[in-house]
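The values are calculated or read from the model by the stated rules, or taken from the named source; none is laboratory data. Keep in mind that what you see is a predicted model, and the values were worked out from it rather than measured. Counting neighbours? That spans all protein chains shown, and the Cβs are built from the backbone with ideal geometry, glycine included.
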Protein chains: 2
Amino acid sequence: MSKSIRAILKKNKKFTVNGSIWIECNGERFFGPGPVQLLDLISDTGSINKAAKQMKMSYKKAWEIISSLNAEARQPFVVTQAGGNSGGGSVITDEAIAVIVWYKELRERFTALLEKETGKLNS
Amino acid sequence: MSKSIRAILKKNKKFTVNGSIWIECNGERFFGPGPVQLLDLISDTGSINKAAKQMKMSYKKAWEIISSLNAEARQPFVVTQAGGNSGGGSVITDEAIAVIVWYKELRERFTALLEKETGKLNS
């Protein structure tokens, strides 16, 4: 079947199978590439505000994402320390790191499927 | 790892792995669930206009999707017959049907991965 599919599509163009994968909680999108990027940037910068800016996202939107993550986890994913000499800052927790690592491994397994399907499409 | 991930997430909520899969042409999204639904509805109704309405989409938007599909295929996916007693009408071609069938099989293989990953997450 895939051989005939490629014959339907234009010869001189590159066709690839791509996709997105995420976790839902009670049927609502909960964790995926957006939260992973936001958490990675909070980890890098120590700041929700800086992370939001790098994603061209409002602080309000970033906080909504974090709040929703914190609501579905037994322990929060992001902890904000108020005050101090450094003016506080935000850190991601070990639980957040574990879920990020798990998600990236899931994404790798999905990427393997995408590459296999792209190969079949073009074979 | 997945056992500890489930232990991080709240006990009384249902977590599932979900996702979307599509075909890109030269890096641009080309074929996926939206075009499949539109083509299926054109096939059911014989009308781009009726199909667009059922998808709560403008005729212009529907036509843009069809035009982009026709541009990447060696033969068009949708053919419109002008005039006649029935006032014309649109049909999807054998090539469109073959790509729809192939896409639905691809989605089934992806669904198998999603179900396997959901099982692992909850195990």
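Of the numbered conditions (1) surrounded by fewer than 18 Cβ atoms within 10 Å (Cβ to Cβ); (2) within 20 Å of A:VAL99 (Cβ to Cβ); (3) touching a strand residue (DSSP E or B) at 6+ places or on another chain (Cβ under 6 Å), A:LYS13 satisfies every one except a single condition; which is it?
(2)
Given the criterion more than 14 Å from every other protein chain (Cβ to nearest Cβ), surrounded by fewer than 18 Cβ atoms within 10 Å (Cβ to Cβ) and at pLDDT 95 or above, identify the matching residue among A:GLN81, A:GLN54.
That would be A:GLN54, the only listed residue that is more than 14 Å from every other protein chain (Cβ to nearest Cβ), surrounded by fewer than 18 Cβ atoms within 10 Å (Cβ to Cβ) and at pLDDT 95 or above.
Taking the range A:1-34 as the search range and keeping residues that are more than 7 Å from every other protein chain (Cβ to nearest Cβ) and in a loop (DSSP other than H, G, I, E, B), which one is modelled with the highest pLDDT?
Within the range A:1-34, the match that is modelled with the highest pLDDT is A:GLY32.
Against the definition (within 12 Å of chain B (Cβ to nearest Cβ) and either under 30 Å from A:THR16 (Cα atoms) or not hydrophobic (A, V, I, L, M, F, W, C) (or both)), how does A:GLU115 come out, yes or no?
no
Please specify each residue of the range A:37-51 satisfying the condition of being among the aliphatic types (A, V, I, L, M), away from every other protein chain (no Cβ under 14 Å) and in contact (Cβ under 8 Å) with a residue 40 or more places away in the chain.
Across the range A:37-51, the qualifying residues are A:ILE42, A:ILE48.
Just checking, does the range A:104-114 include any residue being polar (S, T, N, Q) and surrounded by 18 or more Cβ atoms within 10 Å (Cβ to Cβ)?
No: zero hits.
Looking at the structure I just gave you, is B:ASN49 surrounded by fewer than 12 Cβ atoms within 10 Å (Cβ to Cβ), polar (S, T, N, Q) and farther than 27 Å from A:LEU114 by Cα?
Considered against the rule, which asks whether it is surrounded by fewer than 12 Cβ atoms within 10 Å (Cβ to Cβ), polar (S, T, N, Q) and farther than 27 Å from A:LEU114 by Cα, B:ASN49 comes out as no.
Going through the range A:89-109 one residue at a time, which ones are among the hydrophobic types (A, V, I, L, M, F, W, C) and at the interface with another protein chain (Cβ under 7 Å from one of its Cβ atoms)?
A:ALA98, A:VAL99, A:TRP102, A:LEU106
So the check is Cβ under 7 Å with 6+ separation or different chains; which pairs have a first residue in the range A:97-120 that's under 10 Å from B:ILE5 (Cα atoms) and a second one that's among the hydroxyl-bearing types (Ser, Thr, Tyr) and part of a helix (DSSP H, G or I)?
Every condition considered, the pairs that remain are A:ALA98/B:SER4; A:TRP102/B:SER2.
Pairs under 6 Å by beta carbon, first residue in a helix (DSSP H, G or I) in the range A:53-79, partner surrounded by fewer than 16 Cβ atoms within 10 Å (Cβ to Cβ), six or more apart or different chains?
A:TYR59/A:ASN49; A:GLU72/B:LYS10
Looking only at the range B:9-24, count how many residues are touching a residue at least 40 places away in the same chain (Cβ under 8 Å) and either touching a Cys at 6+ places or on another chain (Cβ under 8 Å) or within 28 Å of B:GLY89 (Cα to Cα) (or both).
Residues in the range B:9-24 being touching a residue at least 40 places away in the same chain (Cβ under 8 Å) and either touching a Cys at 6+ places or on another chain (Cβ under 8 Å) or within 28 Å of B:GLY89 (Cα to Cα) (or both): 2 in total.
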